[in-house]
1. Which of the helices (runs of 4 or more DSSP H) found entirely inside region 47-136 contain at least 2 residues meeting this: within 25 Å of ILE200 (Cβ to Cβ)?
2. Just a yes or no: is a residue in region 197-213 in a loop (DSSP other than H, G, I, E, B), in contact with a strand residue (DSSP E or B) (Cβ under 8 Å, 6 or more places away or on another chain) and at negative phi?
3. Is it the case that ILE24 is out of contact with any Ser or Thr (no Cβ under 6 Å at 6 or more places or on another chain), outside any helix (DSSP H, G or I) and of a type in the set (A, V, I, L, M)?
4. Of the residues ARG238, ARG243, which is among the charged types (D, E, K, R), touching a residue at least 24 places away in the same chain (Cβ under 8 Å) and out of contact with any strand residue (DSSP E or B) (no Cβ under 7 Å at 6 or more places or on another chain)?
5. Going by the structure shown, is GLY126 touching a helix residue (DSSP H, G or I) at 6+ places or on another chain (Cβ under 6 Å) and buried (at least 18 other Cβ atoms within 10 Å of the Cβ)?
6. Tally up the residues in region 161-200 that are within 22 Å of PHE38 (Cβ to Cβ), touching a helix residue (DSSP H, G or I) at 6+ places or on another chain (Cβ under 8 Å) and among the small types (Gly, Ala, Ser), please.
7. Only one of (1) within 17 Å of the chain's Cα centre (by Cα); (2) assigned to a loop (DSSP other than H, G, I, E, B) fails for ALA34. Which number is that?
Amino acid sequence: MSARLRLRRCLEAGRPAGGLFVSIPAPEIVEIAAVAGFDFVLFDLEHTLIDGAALEHLLAAADRAGLSALVRVPDARSDRILPCLDAGAAGIVVPRVASLAEAEAAVVRARHAPRGRRGVNAGRLGRYGDTDLPALPARLDAETLVIAMIECPDGLAEAGAIAGLDGIDGLLLGAADYAQSLGLPWQTRAPAVIAAGTAIAEACRAAGRHAFAIARDASDLSRLRDEGTLGLVLANDRGLLRRALTETRRELEPFAR
């Protein structure tokens with residue numbers, strides 16, 4: 001399970017890590033991302049109907065390919081947090097965290113006692129019992145990433161407190177939904193949205209946490225680097241596929257006249 005630690009090791013070493021947002025439940029996409037040189041994948045369970053069996057295959061593909069796999073769960077109190085982590089996810093991304101209480105709810109589900117209430121399990125991560133089981137909970141807590149996604153002004157106002165919460169490893173701005181919350185649908189480069197990302201990066205630096213961001217294109221990368229953001233979601237599978245198919249179809253247009 002060394003692939004699970006690839007992302008954490010990049011972040012702790014101060015190296016940028018490139019990720020792919022995955023909404024299509026096809027293990028081949030994960031394998032292609034690894035060939036392309038990505039460091040992690042982020043599987044989306046919030047806006048998709050990816051079921052448990054499909055997620056198992058995706059997580060296994062990430063492990064085989066040497067990529068860390070994050071999972072965006074439906075919400076902070078989701079019952080899917082535990083099985084996602086037990087199945088081998090490197091961590092969870094929790095959407096719509098708008099308060100310290102919501103961040104705490106996610107931590108409680110993702111961490112073992114005494115910090116949380118995650119149940120112990122001697123399954124895949126415990127080598128089915130072939131490991132030091134009493135030491136396993138503390139090891140998994142040290143390895144697992146819990147990332148809070150800030151997507152509204154209330155969450156931004158609480159970003160410093162959320163970043164400082166024991167058990168939270170990083171923050172990620174959900175720029176599209178943040179823009180939506182301001183009445184600016186999909187205006188992810190509006191000044192107020194850019195400023196929110198900068199504030200989140202500052203909150204992470206102040207608390208010693210990891211800043212994540214969804215880069216819309218290469219022009220974002222210099223600014224994000226200067227702000228200290230190392231966890232970079234560089235693309236999403238559906239958008240890449242649509243653009244590639246559109247470009248390929250356009251190549252045919254001169255011959256279709």
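1. Those helices (runs of 4 or more DSSP H) span 81-86, 100-110.
2. Checking region 197-213: at least one residue is in a loop (DSSP other than H, G, I, E, B), in contact with a strand residue (DSSP E or B) (Cβ under 8 Å, 6 or more places away or on another chain) and at negative phi.
3. Judged against the criteria, ILE24 is a match.
4. ARG238
5. Against the criterion (touching a helix residue (DSSP H, G or I) at 6+ places or on another chain (Cβ under 6 Å) and buried (at least 18 other Cβ atoms within 10 Å of the Cβ)), GLY126 qualifies.
6. 3
7. (2)
Each row is one residue, and each column tells you yes or no for (1) surrounded by 17 or more Cβ atoms within 10 Å (Cβ to Cβ); (2) more than 22 Å from ASP79 (Cα to Cα).
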site: ALA105; (1), (2): yes, no
site: GLY119; (1), (2): no, no
site: ASP132; (1), (2): no, yes
site: PRO137; (1), (2): yes, no
site: GLU151; (1), (2): yes, no
site: GLY164; (1), (2): no, yes
site: TYR178; (1), (2): yes, yes
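The values are calculated or read from the model by the stated rules, or taken from the named source; none is laboratory data. Here the structure is a predicted model, which means the values were calculated and not measured. Here the Cβ is made from the backbone with ideal geometry for all residues, glycine too, and neighbour counts use every protein chain on show.
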